[in-house]
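Asks: Below you will find the structure I want to go over with you.
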Amino acid sequence: MNSPVESTPSRPDQWWRSAVVYQIYPRSFQDSNGDGIGDLRGIIDRLDYLAELGVDVLWLSPVYRSPQVDNGYDISDYRDIDPLFGTLADLDELLAQAHRRGIKLVMDLVVNHTSDQHPWFIESRDPGSAKRDWYFWRPARPGGTAGAPGAEPDDNPAAFAPSAWTYDPTSGEYYLGIFSPGQPDLNWENPDVRQAVYAMMRWWVDRGVDGFRMDVINLISKPAELTTGNPLDLGQGSLRRVANGPRLDEFLAEMNREVGLDEHNLLTVGEMPGATIEVAQRVTDPARHELNMVFTFEHVNLDQSSWSKWDLADLPLPVLKGNLAQWQEGLAEAGWNSLYYDNHDQPRAVSRFGDDSPEHRVNSAKTLATVLHLHKGTPYIYQGEEFGMTNAPLTEIGHYLDVESLNYHALATAGGVAEEQVLRSLAAKGRDHARTPVQWDDTDHAGFTTGTPWIPVNPNHREINAQSARRDPDSVFGHFQRLIRLRHDDQTVREGRFQLLLPDHQQLWAFTRTLGDDTLLVLANCSSAPAEIPSEQLPALDGAGVVLGTHPGGGESRLAPWESRILRLQPSS
Ligand code: TEU
Ligand code: CA
């Protein structure tokens, strides 16, 4: 097949086990033409920065043609770039320029649903068309008048809209859109749908991309009720109940085979809300040839008191570290973990799990990174995390742009939830925090754009920005560089067995990584108060050397607030 990129670098078997991935949300990364929206040429301009950081892989959130109902997670043409972001030629250049620097490129794959503007869906609107069955079309519920309020096939809400069903007057039926009416769900039961997706994926593989991050991929196999033509009432939190359907493993194995995912040594990571450790064990077992790794949601759903992310709850440290430890143990033998705190859907880690006050921001960002990057798996860095970007001051509904937040605000306030409470939830969990522009420097609009940014820059860019972090070897950026280098250089960091220590300690996150007779001990004070090291409950520290610490020294028996140390223990004789 013809490939526009001549020199696709070789991809050794399982190369992703030693890789660090950097996620780019293109809209907010770097604008190159002054329209206030980040774009592909902007990314090309920042490749040297990414090489300096030392990451191995870039994952691009969607840049395909899209009406942008959900910022590109609603695709109307899988084989073209949205003019907002540039052209296919720009994408090819980005790929070539990244490869020249030894950096691989992973595309976002959004195939649980398309846009309602995708030609497949437009054709499907005609009840007589061959593509009618490519989506889920259902009549009004028994006794209901099609199109009348309350006549939807069932009562399931969409993630970003009041109902999962949208009425289409031309055919008098409803279609399923689990996220929003602009994102109709594809019917993966239909083999033609699957073949069309695989053909598209092969087209990207031939273009030279190095893998796929697969959006909500564990939702592609729908529950039996839906696939046999019935609606289904799932009740509250319905999204996670359509997850992990009966044919998930079959579809993923088929995709792997038909696209040659393993054959080409591609990186594959499946985003899987509602996936359990058991699901991840199956999906990432290399012998089953499905995916390399999955994004679990368990640890980012711990600070909520119900199925809804908006019902806020405290998160004690033992709960968080216990959850990560369960995943480490669950995938210790076969399978593989992905490691993340942040992405374009989550609030900023330093504000959520750390302490973003001026006093503790730098050390808490470093210590959170130490902990995550010393777990076993493939670490993901989200743009700006590498220099400690924080949540934005979003205090009124007018500050929000995201479809999810606006929908929640409308529904919750209409349902009688007090405005202040809704705003408190949004301020804690809204996705716009992750989407404010990358703070490159301390100038107006932070060096992101010369125009007006599509979403305001966080005013703290005067202090917190990439330029000042790069100048300071003690910065969060410098710490990330050292963590990435450590993973590249140290086999125990990559492959060592994980064991959690002090599971009930309220301040310390402590664990070992062991490979043969080599043991690393990580001691991290995840609190804004000093913490004594309970030596009697830890392996012997005599003769241990500091591999990397957040503070100078390392022999002291207490840790400063948000201080962490990676120690190499003396082999026991
Ligand atoms: O997110 C999947 C998902 O489960 C979201 O509902 C996520 O939980 C939510 O944003 C958190 O509140 C993926 C994408 O990452 C997200 O940006 C898309 O909006 C969504 O799929 C639909 O494509
Ligand atoms: Ca632009």
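The values are calculated or read from the model by the stated rules, or taken from the named source; none is laboratory data. Everything quoted here is computed from the prediction, not taken from an experiment. Backbone-built Cβ (ideal geometry, glycine too); neighbour counts: all protein chains shown.
Asks: Taking Y174 as meeting all but one of (1) of a type in the set (S, T, Y); (2) in contact with a Ser or Thr (Cβ under 7 Å, 6 or more places away or on another chain); (3) surrounded by fewer than 19 Cβ atoms within 10 Å (Cβ to Cβ), write down the number of the exception.
Replies: It fails just one condition, (3).
Asks: Report, by residue number, each residue of the range 265-298 that is of a type in the set (G, A, S) and within 12 Å of ligand 1 (Cβ to nearest atom). It would help to see each step written out before you state the result.
Replies: To start, the set of residues in the range 265-298 that are of a type in the set (G, A, S) comprises 270, 274-275, 280, 287.
Of everything in the range 265-298, those that are of a type in the set (G, A, S) and within 12 Å of ligand 1 (Cβ to nearest atom) turn out to be G270, G274, A275.
Asks: Let me ask you something else. Kindly provide the set of residues from the range 325-348 that are among the hydrophobic types (A, V, I, L, M, F, W, C) and either closer than 22 Å to L267 by Cβ or within 15 Å of ligand 1 (Cβ to nearest atom) (or both), ordered by number. Don't jump to the end; show me each part of the working.
Replies: Of all residues in the range 325-348, those among the hydrophobic types (A, V, I, L, M, F, W, C) come to 325, 327, 331-332, 334, 336, 339.
Matches in the range 325-348: W327, L331, A332, A334, W336, L339.
Asks: When the residues of the range 37-53 are narrowed to those that are over 18 Å from G451 (Cβ atoms) and not β-branched (V, I, T), which ends up nearest to ligand 1 (Cβ to nearest atom)?
Replies: Residue satisfying both the conditions and the ranking: L50.
Asks: Among the candidates G34, G86, single out the residue that is away from ligand 1 (no atom under 16 Å from the Cβ), buried (at least 22 other Cβ atoms within 10 Å of the Cβ), over 26 Å from A159 (Cα atoms) and not β-branched (V, I, T). Explain how you work it out, then say what you get.
Replies: Values: G34 fails: buried (at least 22 other Cβ atoms within 10 Å of the Cβ).
Going through G34, G86 in turn, the sole match is G86.
Asks: Ok, one more. Can you pull out the residues in the range 16-36 that are over 13 Å from T449 (Cβ atoms), outside any strand (DSSP E or B) and hydrophobic (A, V, I, L, M, F, W, C)?
Replies: W16, A19, V20
Residue-wise test of (1) closer than 30 Å to D504 by Cα; (2) surrounded by fewer than 21 Cβ atoms within 10 Å (Cβ to Cβ); (3) at pLDDT below 95.
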position	(1), (2), (3)
L261	no, no, no
A280	yes, no, no
R288	no, yes, no
H299	yes, yes, no
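Asks: How many residues does the range 458-497 hold that are in a helix (DSSP H, G or I) and either crowded, with 19+ Cβ neighbours inside 10 Å or touching a residue at least 40 places away in the same chain (Cβ under 8 Å) (or both)? Break it down stepwise before answering.
Replies: Going through the range 458-497, the residues in a helix (DSSP H, G or I) turn out to be 459-462, 466-471, 476-489, 491-495.
With the extra rule that they be either crowded, with 19+ Cβ neighbours inside 10 Å or touching a residue at least 40 places away in the same chain (Cβ under 8 Å) (or both), the set shrinks to 459-461, 466, 469-470, 476-477, 479-488, 492-495.
So the answer is 22.
Asks: Please work out which residue is farthest from ligand 2 (Cβ to nearest atom), limiting yourself to the range 182-193 and to residues that are more than 11 Å from S221 (Cβ to Cβ) and over 23 Å from the mean Cα position of the chain (by Cα).
Replies: Among them, the one singled out is P191.
Asks: Right, something else. For P157, indicate whether it is within 20 Å of D82 (Cα to Cα) and in contact with a helix residue (DSSP H, G or I) (Cβ under 7 Å, 6 or more places away or on another chain). Step through it out loud before you land on a result.
Replies: Details: within 20 Å of D82 (Cα to Cα): no; in contact with a helix residue (DSSP H, G or I) (Cβ under 7 Å, 6 or more places away or on another chain): yes.
No: the conditions fail for P157.
Asks: What helices (runs of 4 or more DSSP H) completely inside the range 174-290 contain at least 2 residues that are over 26 Å from L324 (Cβ atoms)?
Replies: Numbers: elements: 191-207, 224-227, 238-241, 248-259, 277-284.
By residue number, 191-207, 224-227, 248-259.
Residue-wise test of (1) touching a residue at least 12 places away in the same chain (Cβ under 8 Å); (2) in a strand (DSSP E or B); (3) of a type in the set (V, I, T).
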{"site": "S308", "(1), (2), (3)": "yes, no, no"}
{"site": "D314", "(1), (2), (3)": "no, no, no"}
{"site": "L320", "(1), (2), (3)": "yes, no, no"}
{"site": "Y341", "(1), (2), (3)": "yes, no, no"}
{"site": "H344", "(1), (2), (3)": "yes, no, no"}
{"site": "S351", "(1), (2), (3)": "yes, no, no"}
{"site": "N363", "(1), (2), (3)": "yes, no, no"}
{"site": "T367", "(1), (2), (3)": "yes, no, yes"}
{"site": "V371", "(1), (2), (3)": "yes, no, yes"}
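Asks: Which of (1) out of contact with any Lys or Arg (no Cβ under 7 Å at 6 or more places or on another chain); (2) under 20 Å from L567 (Cβ atoms) does P459 not meet, given it meets every other one?
Replies: Of the numbered conditions (1) out of contact with any Lys or Arg (no Cβ under 7 Å at 6 or more places or on another chain); (2) under 20 Å from L567 (Cβ atoms), the odd one out for P459 is (2).
Asks: Within the range 237-259, work out how many residues are touching a Ser or Thr at 6+ places or on another chain (Cβ under 8 Å), at pLDDT below 95 and surrounded by 22 or more Cβ atoms within 10 Å (Cβ to Cβ).
Replies: Adding up the residues that qualify gives 0.
Asks: So, one more: Just checking, does the range 385-395 include any residue being surrounded by 23 or more Cβ atoms within 10 Å (Cβ to Cβ) and either at pLDDT below 95 or farther than 24 Å from G354 by Cα (or both)?
Replies: There is no residue in the range 385-395 that is surrounded by 23 or more Cβ atoms within 10 Å (Cβ to Cβ) and either at pLDDT below 95 or farther than 24 Å from G354 by Cα (or both).
Asks: Continuing with the same structure: Look at the range 546-569 and say how many of its residues are out of contact with any strand residue (DSSP E or B) (no Cβ under 6 Å at 6 or more places or on another chain) and farther than 19 Å from V476 by Cα.
Replies: Qualifying residue count, the range 546-569: 3.
Asks: Among residues belonging to the range 37-80 that are part of a strand (DSSP E or B) and buried (at least 21 other Cβ atoms within 10 Å of the Cβ), point out the one that is farthest from ligand 2 (Cβ to nearest atom).
Replies: The first filter runs over the range 37-80 and keeps only residues part of a strand (DSSP E or B), leaving 57-60, 64-65, 77-80.
After this cut, where a residue has to be buried (at least 21 other Cβ atoms within 10 Å of the Cβ) as well, the list is 57-60, 64-65, 78.
Details: V57: 24, L58: 18, W59: 20, L60: 15, Y64: 16, R65: 16, Y78: 22 Å.
Among those residues, the one meeting the criterion is V57.
Asks: Right, another one. Answer yes if at least one residue in the range 383-398 is in a helix (DSSP H, G or I), more than 16 Å from ligand 1 (Cβ to nearest atom) and farther than 24 Å from H488 by Cβ, and no otherwise.
Replies: yes
Asks: Restricting to the range 545-573, what's the tally of residues that are closer than 19 Å to L502 by Cα and surrounded by 15 or more Cβ atoms within 10 Å (Cβ to Cβ)?
Replies: Of the residues in that region, 11 qualify.
Asks: May I pose another question? Just for the range 92-123: of the residues that are outside any loop (DSSP other than H, G, I, E, B) and without any contact (Cβ under 8 Å) to a residue 60 or more places away in the chain, which one is farthest from ligand 2 (Cβ to nearest atom)?
Replies: Step one: list which residues in the range 92-123 are outside any loop (DSSP other than H, G, I, E, B), which gives 92-100, 104-109, 113, 119-123.
Add one more test, that the residue is without any contact (Cβ under 8 Å) to a residue 60 or more places away in the chain, and what stays is 93-94, 97-98, 100, 119, 122-123.
Working: E93: 15, L94: 14, Q97: 18, A98: 19, R100: 23, P119: 26, I122: 28, E123: 32 Å.
Result: E123.
Asks: What number goes with the only condition from (1) under 16 Å from the mean Cα position of the chain (by Cα); (2) without any contact (Cβ under 8 Å) to a residue 60 or more places away in the chain; (3) away from ligand 2 (no atom under 15 Å from the Cβ) that L88 does not pass?
Replies: For L88, the exception is condition (1).
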